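Structure record follows, encoded as structure tokens.
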Amino acid sequence: MVDHQQPQQQPPWEQIGSSFVHHYYKMFDTDRGQLASLYIDLSCLSFEGHQFQGKKAIMDKLNSLPFTKIEHIITAQDHQPTLDQCIASMVVGQLKADNDHIMGFHQCFILKHIGDAWVCTNDMFRLAIHNFG
């Protein structure tokens, strides 16, 4: 039996979340300084348990990361609409920085539509490193 149904279109939060994730990691991997356009002065970043608030503090942290070259590979991403008309996005992937070993990571974003753009109000990042010792 042949299925004649049309492919189901992604919900808008999936489209927006996926586009944001693609754009974010493309900029991160090529020119981290451009990420400033994705944050606002009220944005928060949790990076490996350390807290940063505001566009300047977030960008200072991201620009201070001790590598010259990085590549992110996204293996999974999930997006949901929130009750306050934002989008929650969770990303799982791998990254390779300079000559380090490939490491897994998890990152969550809350995206909010402000003006004519989607911005990141909340960003939580953790390497997927397990210490079972």
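Residue separation of Asp31 and Val92 scaled by 0.36 nm, minus their Cα-Cα distance, works out to 19.8 nm of gained length.
Highest average first, the peptides 104-113, 28-37 ordered by how many other beta carbon atoms sit within 10 Å of their residues are 104-113, 28-37.
Within segment 39-74, what residues put their amide N at less than 20 Å from the label point 7 Å along the Cα-to-Cβ vector of Met103? Counting only backbone N, you get 45-52, 58-74. About its Cα centre, the chain has a charge dipole of approximately 260 debye under the convention of +1 per Lys or Arg Cβ and -1 per Asp or Glu Cβ, with nothing else charged. Summary of packing: across the peptides 57-65, 12-20, 93-101, the per-residue average of other C-beta atoms within 10 Å ranks them, highest first, as 12-20, 57-65, 93-101.
Taking all protein chains as shown and a probe of 1.4 angstrom, His23 keeps an accessible surface of around 80 Å². Here semi-axes √(5λ) of the Cα gyration tensor in Å was computed from the coordinates, and among [x] 22, 18, 15; [y] 25, 19, 11; [z] 27, 21, 14 the match is [z].
Taking the Cα centre of segment 44-87 as origin and assigning +1 to Lys and Arg Cβ atoms and -1 to Asp and Glu Cβ atoms, the resulting dipole is close to 240 debye.
The values are calculated or read from the model by the stated rules, or taken from the named source; none is laboratory data. Just so it is clear, the model here is predicted, and its values are computed rather than measured. Please note: Cβ atoms are built from the backbone with ideal geometry, for glycine as well, and neighbour counts cover all protein chains shown. Remember, those area values only see protein heavy atoms, side chains included, never the ligands or the DNA or RNA. Shrake-Rupley method; radii C 1.70, N 1.55, O 1.52, S 1.80 Å.
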